[in-house]
Amino acid sequence: MYMIIVGAGTIGARLIDIATKEKNNVVVIEKNVERAKEISNKYDVTVLNRDATSAESLREAGSDRTNVLITTTSDDAVNLMVVSIANRLEIPSIVSVVNEKDHAEFFRKLGANVMENPEDVVANHLYTAVKRPQVDDFAILSNGAQVFRMMVKEEGPLVGKSTSEIRKQQIIPSSVLIVAIERGGNVQIAEGETVIESEDLLTFYSVQRVTDELIEKVTG
């Protein structure tokens, strides 16, 4: 995949690392001279030491042939300008970091997929890791929804019950859905008659923040 990444700060640098390991064709636009040099020396990518809020910079980066543009700077004004230009240049897929939640709708109106407030995401991960160590692979989705995994303990009330029974008996809240089960290294979609066993690793989708009550019901 051909991708343009704008910004080589903390998020951008990590994204560049992942993208290059996956053998993507990456072009980086970074305004800061030192960061641009650092990325150029470390990775086999094209680095343009340019201002990405210029249409000419995006054209030079290959806007006419790129599959996706991802803008990762800590300045929403810069990110929004880049998204606006990328939209006018008809780049097929546009993704942006949005640092202030209230700005997200402006980006969506321009056709961008957004990652809202990455600092909040990190803070929530850290808080959950400390307060609820039983919760694994925690992720926040839009509007506060969450995806997370927990292992079922032998004495837990879910053991021996099907997912349909769990919902019917309201053992877990109606706002929480078991979406997948990992058992013996194999992952399966949680269907209505799938019976939960001890030490199953369950993936949950919840429209609300995970509660201590839910953790106790799963882990026993």
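The table for this structure:
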{"quantity": "Scope the range 14-30; condition surrounded by 20 or more Cβ atoms within 10 Å (Cβ to Cβ) and over 16 Å from the mean Cα position of the chain (by Cα); matching residues", "calculated": "V26, V27, V28, I29, E30"}
{"quantity": "Sole residue being in contact with a strand residue (DSSP E or B) (Cβ under 7 Å, 6 or more places away or on another chain) and in the same structural domain as K109 (by TED's automatic domain parsing), chosen from I85, I39", "calculated": "I39"}
{"quantity": "Qualifying residue in the range 173-189 (condition: buried (at least 17 other Cβ atoms within 10 Å of the Cβ) and in a loop (DSSP other than H, G, I, E, B))", "calculated": "no"}
{"quantity": "Qualifying positions in the range 16-30 - of a type outside the set (V, I, T), part of a helix (DSSP H, G or I) and out of contact with any strand residue (DSSP E or B) (no Cβ under 6 Å at 6 or more places or on another chain)", "calculated": "D17, K21"}
{"quantity": "Output for the range 181-202, where each listed residue is within 15 Å of S162 (Cα to Cα) and not charged (D, E, K, R)", "calculated": "I181, Q188, I189, A190, G192, T194, V195, I196, S198, L201, L202"}
{"quantity": "Qualifying residue in the range 57-72 (condition: on the phi > 0 side of the Ramachandran plot, in contact with a Ser or Thr (Cβ under 7 Å, 6 or more places away or on another chain), in a loop (DSSP other than H, G, I, E, B) and not charged (D, E, K, R))", "calculated": "no"}
{"quantity": "Checking A52 against (1) assigned to a loop (DSSP other than H, G, I, E, B); (2) at pLDDT below 95, the condition it does not meet", "calculated": "(2)"}
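The values are calculated or read from the model by the stated rules, or taken from the named source; none is laboratory data. Source: prediction; values computed, not measured. No Cβ is skipped: glycine too gets one built from the backbone with ideal geometry, and neighbour counts run over all protein chains shown.
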